[in-house]
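Novice: This is the structure, below, for whatever I ask next.
Values quoted throughout were computed directly from the atomic coordinates according to the rules given, and no laboratory measurement underlies them. Keep in mind the model is a prediction, meaning the values are calculated, not measured. Heads up, the Cβs are rebuilt from the backbone with ideal geometry, glycines too, and the neighbour counts pull from every protein chain shown.
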Amino acid sequence: MVYVTRKEHFTAAHRLHNPGKSPEWNQATFGPCNHPNWHGHNYEIQVTVAGEPDPETGYVVDLGKLKHVIRDRIIAKCDHKNLNLDVDFLEGVIPSAENLAKSFFYELQDDVAAICKNGTLHSVKLFETERNIAEYRED
């Protein structure tokens, strides 16, 4: 099995807030990430495809095509946006790094399958900061 990863970047704002809980609970749970006027991150997303190289091309996935899928499905929808308000597939999702990694995985899954005859989407890793990283795999 060969693992191929494409890395992209985007900048977005969000607020960690559970509307079903009290303001006090949200502040105690999320601290400064619950700021009512949002806060932002310079995110890095790493999308990994796993499979066997195609005997005709040597590719598990054409990285140019993968780049376009990531840019169309994630970057175009999330870059310089408010993740709580502006992104259709995140409606009702608390935009923690964990939930974002999982949501991004499912947003990419079908399009990655369409461009990859010898592999599948293995994981989405999201760097919220250099030190805070979430990874989702459908294991």
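Novice: Along each principal axis of its Cα atoms, how long is the range 15-79 end to end? Whole angstroms, biggest number first, please.
Specialist: Cα spread of the range 15-79 along its principal axes, largest to smallest: 59, 21, 18 Å.
Novice: According to the Cα gyration tensor, what semi-axes, each the square root of 5 times an eigenvalue, does the equivalent ellipsoid of the range 89-138 have, listed from largest to smallest in whole Å?
Specialist: In descending order the semi-axes read 22, 14, 7 Å.
Novice: Mind listing P(r) for the chain? All alpha-carbon pairs, 5 Å bins, whole percents.
Specialist: Calculated over all Cα pairs of the chain, the distribution is 2, 10, 19, 22, 17, 12, 8, 5, 3, 1, 1, 0 percent.
Novice: How do His17, His80 rank when sorted from fewest to most other Cβ atoms within 10 Å of their own Cβ? Intermediate values should be presented prior to the final figure.
Specialist: On the way: His17 20, His80 11.
Sorted ascending by nearby Cβ count, the order is His80, His17.
Novice: Still on this model: Can you tell me which lysines have their Cα less than 20 Å from the Cα of Lys77? Leave out same-chain residues fewer than eight positions away.
Specialist: Lys7, Lys65, Lys67, Lys102, Lys125
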